[in-house]
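A.B. asks: The structure under discussion is supplied below as structure tokens; questions concerning it will follow.
The values are calculated or read from the model by the stated rules, or taken from the named source; none is laboratory data. Please read these numbers as outputs of a predicted model, since none were measured by experiment. FYI the Cβ positions are ideal-geometry reconstructions off the backbone, even for glycines, and counts take in every protein chain you see. These area figures cover heavy atoms from the full protein model, side chains too; ligands, DNA and RNA do not enter into them. Shrake-Rupley method; radii C 1.70, N 1.55, O 1.52, S 1.80 Å.
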Amino acid sequence: MGNTKPITAAPVLSDRVRVNGVETPVTFTAEEGILRWGESCLSIEKEVLGITVEGSKIKIRAIKENDGGGITCCGGNTGGTVRRRSYNLEMLTEDSLRIWSQKLHDFIDSLGRPKRLFVFVNPYGGKRSASKIFIDSVKPLLDDANIDYTVQETKYQLHAKEVAKSLDILRYDGVVCVSGDGILVEVVNGLLEREDWDSAIKMPLGVVPAGTGNGMAKSLLDAVGRPCTASNATLAIIRGHKQSLDVATITQGQNRFFSVLMLAWGLIADIDIESEKYRWMGSARIDYYAIQRIFCLRRYNGCIKFLAAPGYETFGEPADLEGETISEVKSSFVQHKGYCGPALQMKDFNRKIEGPFVSVWLHNVPWGGEDTLAAPDAKFSDGYLDLVVIKDCPKLTLLSLMTELSKGGHVKSPHVLYLKVKAFVLEPGTQLDDGSKEGIIDVDGEVLARGKGTYKSNYKTLMTYDKLHIKVDQGLATVFSPSTIS
């Protein structure tokens with residue numbers, strides 16, 4: 001018989017095991033979830049992915065992180081490179097094998113980790129590298145964690161939305177998007193268009209960066225100081241920590257769209273969408289076209305109205321809503337089986353800003369992309385959207401502001417209004433210098449509406465270039481996150 005001793009005074013399991021042919025003591029502290037033998041130490045929650053029993057051995061699959069100063073112990077390090085490791089503990093008796101494997105399995109089960117995942121892989125996004133990223137970085141970790149998963153490659157635009165609308169959500173503990181931000185947005189819209197949307201939207205969603213933007217993955221990982229990598233994102237999913245996420249409902253007549261990232265109109269939207277004509281330049285196309293747009297700057301007529309968050313009521317001017325009705329907002333709640341969005345009351349909109357505008361940008365999370373800290377004060381579930389407005393700005397100053405985007409320094413400029421809003425109305429107008437041309441409304445990286453005379457203005461869009469209503473639901477969706485984030 002082995003020396004297995006559950007100690008009641010302190011929840012510690014102790015025994016002797018063979019490691020590489022050498023017999024050594026092993027202890028497991030259940031309260032802390034720490035496994036120690038010899039000079040080795042593992043945190044079950046932070047470092048152990050999964051365990052299996054092979055003969056008389058317990059095989060432990062784990063990750064260790066290295067910041068250049070050696071291997072960390074017990075998960076103390078929060079950054080650095082992730083390395084997969086495997087450890088074999090040979091138990092000396094069958095009783096020890098049974099007790100230890102059960103105890104370790106029970107502890108892992110108590111962590112609430114996902115056991116079954118539905119995984120979307122978008123092979124067409126970004127640099128078309130999502131399939132390789134899944135095979136090289138995601139699949140090995142999921143396998144190590146003993147997670148069952150179903151993989152669906154997206155075949156065309158809105159494919160993920162179609163699948164999400166009919167997915168048997170009871171079969172899975174989460175949906176993972178190996179892509180840029182676009183597939184996540186499709187999934188959210190698909191879940192909220194279901195008849196059972198109220199239970200479907202509770203499905204935890206995971207994002208592994210494999211596209212062009214990767215704003216959501218960057219926001220989640222950067223919030224805890226971790227690099228935006230596929231392995232770090234996958235580990236967050238495996239560990240099963242969850243975070244509520246605000247969802248914005250955009251309505252126009254009978255049409256609605258659910259946004260989780262951002263809405264842009266003016267300069268940012270023009271750069272994002274029109275730079276597609278230079279896609280052959282790769283990532284340099286954004287910087288190249290931004291310079292073009294700044295030195296041939298457009299300003300747009302229009303008006304924005306909003307319900308300011310507490311502490312921001314002095315921004316803009318008092319909104320005169322006399323004569324306005326909410327009939328067009330109410331009409332969007334008819335004939336829909338899915339979620340219709342929060343009720344809008346025009347009397348709640350207390351402030352407005354009249355154009356012309358250089359740029360209007362609404363953000364739900366801090367990062368618009370891996371190198372764009374658009375809204376540094378944005379929170380995942382505070383119930384507000386961060387509004388960034390530029391009305392007028394000298395061109396050279398504007399160029400300097402664009403270089404500040406990677407650090408979020410642009411919001412400190414006197415030329416930028418930065419505030420939080422609970423609800424928002426956009427009334428887009430024509431270009432100030434050419435009344436025959438309008439603009440583009442960009443939501444979550446896709447064109448929501450194109451005005452006359454714009455790039456690809458003949459293409460069909462979900463909404464028209466006209467008044468839009470936006471309101472945010474606090475914490476409506478749930479995402480896997482590296483840890484609990486405020």
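A.B. asks: For segment 414-485, please list each of the strands (runs of 3 or more DSSP E) lying entirely inside it that holds at least 2 residues being within 22 Å of the chain's Cα centre (by Cα) and over 25 Å from Trp197 (Cβ atoms).
C.D. replies: It comes to 416-431.
A.B. asks: So Pro123 passes all but one of these: (1) modelled with pLDDT under 95; (2) surrounded by 14 or more Cβ atoms within 10 Å (Cβ to Cβ); (3) closer than 21 Å to Gly240 by Cβ. Which condition number does it fail?
C.D. replies: Of (1) modelled with pLDDT under 95; (2) surrounded by 14 or more Cβ atoms within 10 Å (Cβ to Cβ); (3) closer than 21 Å to Gly240 by Cβ, only one is false for Pro123: (3).
A.B. asks: When you go through Ser219, Ser179, Ser244, Ser231 one by one, which is the residue that is closer than 21 Å to Ala343 by Cα and hydroxyl-bearing (Ser, Thr, Tyr)?
C.D. replies: Details: Ser219 fails: closer than 21 Å to Ala343 by Cα; Ser179 fails: closer than 21 Å to Ala343 by Cα; Ser231 fails: closer than 21 Å to Ala343 by Cα.
None of the other options fit; the residue is Ser244.
A.B. asks: Next question, about the same structure. Which is touching a helix residue (DSSP H, G or I) at 6+ places or on another chain (Cβ under 9 Å) and not basic (Lys, Arg), of Leu192, Leu170? Explain how you work it out, then say what you get.
C.D. replies: On the way: Leu170 fails: touching a helix residue (DSSP H, G or I) at 6+ places or on another chain (Cβ under 9 Å).
When all the criteria are applied, what remains is Leu192.
A.B. asks: Do you know which of the residues in segment 95-120 that are among the basic types (Lys, Arg) and either in contact with a Gly (Cβ under 9 Å, 6 or more places away or on another chain) or open to solvent by less than 80 Å² (accessible area, probe 1.4 Å) (or both) is farthest from Ala30 (Cα to Cα)?
C.D. replies: The initial filter retains those residues of segment 95-120 that are among the basic types (Lys, Arg), namely 98, 103, 113, 115-116.
From what's left, either in contact with a Gly (Cβ under 9 Å, 6 or more places away or on another chain) or open to solvent by less than 80 Å² (accessible area, probe 1.4 Å) (or both): 113, 116.
Numbers: Arg113: 17, Arg116: 25 Å.
Applying the filter and picking the extreme gives Arg116.
A.B. asks: Oh, and also: Of everything in segment 347-377, what is open to solvent by less than 10 Å² (accessible area, probe 1.4 Å) and either part of a loop (DSSP other than H, G, I, E, B) or more than 12 Å from Phe424 (Cβ to Cβ) (or both)? Give them in sequence order.
C.D. replies: Selection gives Phe349, Phe357, Val358, Ser359, Asn364, Val365, Gly369, Ala374, Ala375.
A.B. asks: Another one. Of the residues in segment 131-161, how many are of a type in the set (D, E, K, R) and exposed (fewer than 15 other Cβ atoms within 10 Å of the Cβ)?
C.D. replies: Initial filter on segment 131-161 (of a type in the set (D, E, K, R)): 132, 136, 139, 143-144, 148, 153, 155, 161.
Narrowing the set further to residues that are exposed (fewer than 15 other Cβ atoms within 10 Å of the Cβ) leaves 132, 136, 143, 148, 155.
Within segment 131-161, residues that are of a type in the set (D, E, K, R) and exposed (fewer than 15 other Cβ atoms within 10 Å of the Cβ) number 5.
A.B. asks: Can I ask one more? Name the residue that is farthest from Arg239 (Cα to Cα), counting only residues in segment 164-181 that are open to solvent by less than 30 Å² (accessible area, probe 1.4 Å) and in a helix (DSSP H, G or I). First the steps, then the outcome.
C.D. replies: Step one: of segment 164-181, the residues open to solvent by less than 30 Å² (accessible area, probe 1.4 Å) are 164, 167, 169, 172, 174-181.
Then keep just the ones that are in a helix (DSSP H, G or I); that gives 164, 169, 181.
Working: Ala164: 23, Ile169: 20, Asp181: 21 Å.
Checking each candidate, the answer is Ala164.
Residue by residue, here is whether (1) touching a helix residue (DSSP H, G or I) at 6+ places or on another chain (Cβ under 9 Å); (2) under 19 Å from Ala62 (Cβ atoms); (3) not β-branched (Val, Ile, Thr) holds:
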{"position": "Asp109", "(1), (2), (3)": "no, yes, yes"}
{"position": "Val121", "(1), (2), (3)": "yes, no, no"}
{"position": "Tyr124", "(1), (2), (3)": "yes, no, yes"}
{"position": "Lys127", "(1), (2), (3)": "no, no, yes"}
{"position": "Leu142", "(1), (2), (3)": "yes, yes, yes"}
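A.B. asks: Right, next: With the requirement that a residue be at pLDDT 95 or above and open to solvent by 30 Å² or more (accessible area, probe 1.4 Å), what does segment 453-470 give you?
C.D. replies: Thr464, Asp466, Lys467
A.B. asks: On to the next question. Can you name every residue in segment 182-193 that is open to solvent by less than 20 Å² (accessible area, probe 1.4 Å) and out of contact with any Gly (no Cβ under 6 Å at 6 or more places or on another chain)? Lay out the reasoning, then the answer.
C.D. replies: The first filter runs over segment 182-193 and keeps only residues open to solvent by less than 20 Å² (accessible area, probe 1.4 Å), leaving 183-185, 187-192.
Within segment 182-193, Ile183, Leu184, Val185, Val187, Val188, Asn189, Gly190, Leu191 qualify.
A.B. asks: Given the conditions (1) within 26 Å of Leu297 (Cα to Cα); (2) in contact (Cβ under 8 Å) with a residue 60 or more places away in the chain; (3) assigned to a loop (DSSP other than H, G, I, E, B), report the number of the one that Lys407 does not fulfil.
C.D. replies: If we test Lys407 against (1) within 26 Å of Leu297 (Cα to Cα); (2) in contact (Cβ under 8 Å) with a residue 60 or more places away in the chain; (3) assigned to a loop (DSSP other than H, G, I, E, B), just (2) comes out false.
A.B. asks: Also, I was wondering about something else. How about segment 340-370: which of its residues are in contact with a helix residue (DSSP H, G or I) (Cβ under 7 Å, 6 or more places away or on another chain), modelled with pLDDT of 90 or more and under 30 Å from Asp196 (Cβ atoms)?
C.D. replies: Matches in segment 340-370: Val365 only.
A.B. asks: Oh, and also: If Asp198 meets every condition in (1) closer than 24 Å to Ile44 by Cα; (2) assigned to a helix (DSSP H, G or I) apart from one, which number is that one?
C.D. replies: (1) is the only condition that Asp198 fails.
A.B. asks: Considering each of Leu387, Leu398, Leu419 in turn, give the residue that is open to solvent by less than 30 Å² (accessible area, probe 1.4 Å) and under 17 Å from Asp442 (Cβ atoms).
C.D. replies: Working: Leu398 fails: under 17 Å from Asp442 (Cβ atoms); Leu419 fails: under 17 Å from Asp442 (Cβ atoms).
Within the list Leu387, Leu398, Leu419, the selection yields Leu387.
A.B. asks: If you check Tyr172 against the conditions, is it out of contact with any Leu (no Cβ under 8 Å at 6 or more places or on another chain) and not β-branched (Val, Ile, Thr)? Please lay out each step first, then the result.
C.D. replies: Values: out of contact with any Leu (no Cβ under 8 Å at 6 or more places or on another chain): no; not β-branched (Val, Ile, Thr): yes.
It is false that Tyr172 is out of contact with any Leu (no Cβ under 8 Å at 6 or more places or on another chain) and not β-branched (Val, Ile, Thr).
A.B. asks: Looking at segment 426-446, I want the residues that are under 22 Å from Trp367 (Cβ atoms) and have a partner that is hydroxyl-bearing (Ser, Thr, Tyr) and assigned to a strand (DSSP E or B) with Cβ atoms under 8 Å, at least 6 apart or on another chain. Which pairs are those?
C.D. replies: Every condition considered, the pairs that remain are Val443/Ser259; Asp444/Ser259.
A.B. asks: Quick one: is Ala290 touching a Pro at 6+ places or on another chain (Cβ under 9 Å) and either under 30 Å from Val421 (Cα atoms) or surrounded by 22 or more Cβ atoms within 10 Å (Cβ to Cβ) (or both)? Let's see the steps before the verdict.
C.D. replies: Working: touching a Pro at 6+ places or on another chain (Cβ under 9 Å): no; either under 30 Å from Val421 (Cα atoms) or surrounded by 22 or more Cβ atoms within 10 Å (Cβ to Cβ) (or both): yes.
Criteria not met by Ala290.
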